[in-house]
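Please read the structure below before turning to the comments.
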Amino acid sequence: MSEHAGYLIVGAGLAGHFAVRGIRERDADGRIVIIGDEPELPYTRPHLSKAYLMGTRPKEKVIIKPASFYEENKAEVWTSRKVTAVDPANKTVTLDDGAPIGFDKLLLATGSEARRLKIDGSGLRGIYYLRRLADSDAIRAAKDASKRAVIVGGGFIGAEVASAFAQAGVDTTLILSDNVLLKRQVGQEAGQFLLDYYRGKGVKVELEKKATAFTGDGQVTAVRTADGGEYPADTVVAGVGAATRTELAAAAGLTLDNGVVVDEHLRTSAPDIYAAGDIAFYFDARYGRRLRLEHWDNAVQQGKHAGLNMAGANQPFDHVPYFYSDVFDLDLQAWGDMVDWDRTIVRGTHKHNLTYFYLKGDRLKAVLVVDPTKEQSAAAEQLAAAMPQVKDEARYKDSSVPYESLVN
């Protein structure tokens, strides 16, 4: 007789872990099985490019909860197993050994994988990509032995890895395709602040350049760019984006569009199949459009919400998007729609309430705060959720005006 689970979760990451919490809030006994293709219990990926990579956070603090949590919650975690097919009609999945497992409710939380550069020299030793715990282990070992590193890519992974290498005393060069750091994530003004900050910390930042080749004889020795530049390195880390892992959903015939399309309850186009985290393309009523977010908080919130709905809650998903990043001694926190905006208002200076307000027309869409207090974080989130009309820009620029008083 084949295996069967009331709740089957494909993907042993943040979303999968928090789905267990959501399920158990409503159903104390239904069988839960989590299937993950890594050997570890669910862990927190953001640490991999931050504290864990720097050696300041031990592995047991990267794992979200110990095995005892799953035992207490009667949830089975099948590690180092891979799902190869999903059959929505018969409500079964097939594992890599050919074994089927049936389900009543299924959550797809398969996440993303690192995009790889397909350029000359890509097979040389010393070139790394960061997505999994094993990747972070390998990069940390390389960092500890490295004298000169090149980081390709100016997104969060590139910025955070460059910070870790520079703080370890490694001669670090960061190659960007944009004209400022994190431009696509935080915009021109905040990106310029970060660019200046990184250069002040000794990171060599090369702007508007495209890596076209890795050079070396067996081991990488340099990165070559399209303009003919060559940047010596004994270690290269490429952070050039992520690709959603939607192959299972596509093969199962689920509706796809910039990810797996889900309704307001995080249900896919197939009955009793849900999706959460990086792959979920959901409609956000606050912004009136679909979003797909590759952030820690999104995986946490959607995972738990999907679990609640799998167990019968039937509640629409409503959450203000949030992300954070720790680089050098900066704590960056942002709330709201960091994509659909057309101008910014800047408040304060570094160490003095530095804030970026993102507007579309006269409507506030998002807030980014550098080194916020706990109280400022809570107030900034409330402000971003309210999306007020900005009637007096001077009040937004005035650091003495509390965030909460900006809500109309």
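Is it the case, given these coordinates, that A109 is open to solvent by less than 30 Å² (accessible area, probe 1.4 Å) and farther than 17 Å from A249 by Cα? Break it down into steps so the answer makes sense when it comes.
Numbers: open to solvent by less than 30 Å² (accessible area, probe 1.4 Å): yes; farther than 17 Å from A249 by Cα: no.
No: the conditions fail for A109.
What's the total number of residues in the stretch 380-391 that are in a loop (DSSP other than H, G, I, E, B) and at pLDDT 95 or above?
3
Enumerate the pairs (first residue in the stretch 239-251 and free of Cβ contacts under 8 Å to residues at least 60 places away in the same chain; second residue anywhere and of a type in the set (A, V, I, L, M, F, W, C) and open to solvent by 50 Å² or more (accessible area, probe 1.4 Å)) with beta-carbon separation below 8 Å, excluding pairs fewer than 6 apart on the same chain, so at least 6 apart or on different chains.
Every condition considered, the pairs that remain are A250/L256.
Search the stretch 12-37 for residues being open to solvent by 20 Å² or more (accessible area, probe 1.4 Å) and not in a helix (DSSP H, G or I), and hand back the single one that is farthest from Y70 (Cα to Cα).
It comes out as D37.
Give just the number: which of (1) crowded, with 23+ Cβ neighbours inside 10 Å; (2) farther than 20 Å from A138 by Cβ does F214 not satisfy?
Of everything listed in (1) crowded, with 23+ Cβ neighbours inside 10 Å; (2) farther than 20 Å from A138 by Cβ, F214 misses just condition (2).
Given (1) more than 23 Å from Y324 (Cα to Cα); (2) touching a Gly at 6+ places or on another chain (Cβ under 6 Å); (3) surrounded by 18 or more Cβ atoms within 10 Å (Cβ to Cβ), where does T79 come up short, assuming only one miss?
(3)
Taking the stretch 392-408 on its own, how many of its residues are in a helix (DSSP H, G or I), among the aliphatic types (A, V, I, L, M) and open to solvent by less than 60 Å² (accessible area, probe 1.4 Å)?
Looking only at that region, the number is 1.
If I filter the stretch 180-206 down to residues being over 24 Å from the mean Cα position of the chain (by Cα) and not charged (D, E, K, R), which single residue comes out as least open to solvent (accessible area, probe 1.4 Å)?
The qualifying residue least open to solvent (accessible area, probe 1.4 Å) is G202.
Is there any pair linking a residue in the stretch 40-58 that is within 13 Å of D144 (Cβ to Cβ) and touching a residue at least 24 places away in the same chain (Cβ under 8 Å) to one that is crowded, with 21+ Cβ neighbours inside 10 Å and not aliphatic (A, V, I, L, M), with Cβ under 7 Å and at least six apart or on different chains, and which?
Close Cβ pairs satisfying both conditions: L53/S136.
Output the strands (runs of 3 or more DSSP E) that fall wholly within the stretch 234-349 and possess 1 or more residues being buried (at least 19 other Cβ atoms within 10 Å of the Cβ), or say none.
Answer list for the stretch 234-349: 235-238, 242-244, 273-275, 280-284, 322-327, 330-336, 343-349.
Let me confirm something: among L174, L195, L181, which residue is part of a strand (DSSP E or B) and either touching a Lys or Arg at 6+ places or on another chain (Cβ under 8 Å) or of a type in the set (A, V, I, L, M, F, W, C) (or both)?
Going through L174, L195, L181 in turn, just one is part of a strand (DSSP E or B) and either touching a Lys or Arg at 6+ places or on another chain (Cβ under 8 Å) or of a type in the set (A, V, I, L, M, F, W, C) (or both): L174.
Taking the options R81, R140, R125, R116, name whichever one is in contact with a helix residue (DSSP H, G or I) (Cβ under 7 Å, 6 or more places away or on another chain) and among the charged types (D, E, K, R).
Checking each option against the conditions leaves just R140.
The values are calculated or read from the model by the stated rules, or taken from the named source; none is laboratory data. All values derive from a computational prediction rather than experimental measurement. Heads up, the Cβs are rebuilt from the backbone with ideal geometry, glycines too, and the neighbour counts pull from every protein chain shown. When the accessible area is computed, the model is the full protein with side chains, heavy atoms only, and any ligands, DNA or RNA have been set aside. Shrake-Rupley method; radii C 1.70, N 1.55, O 1.52, S 1.80 Å.
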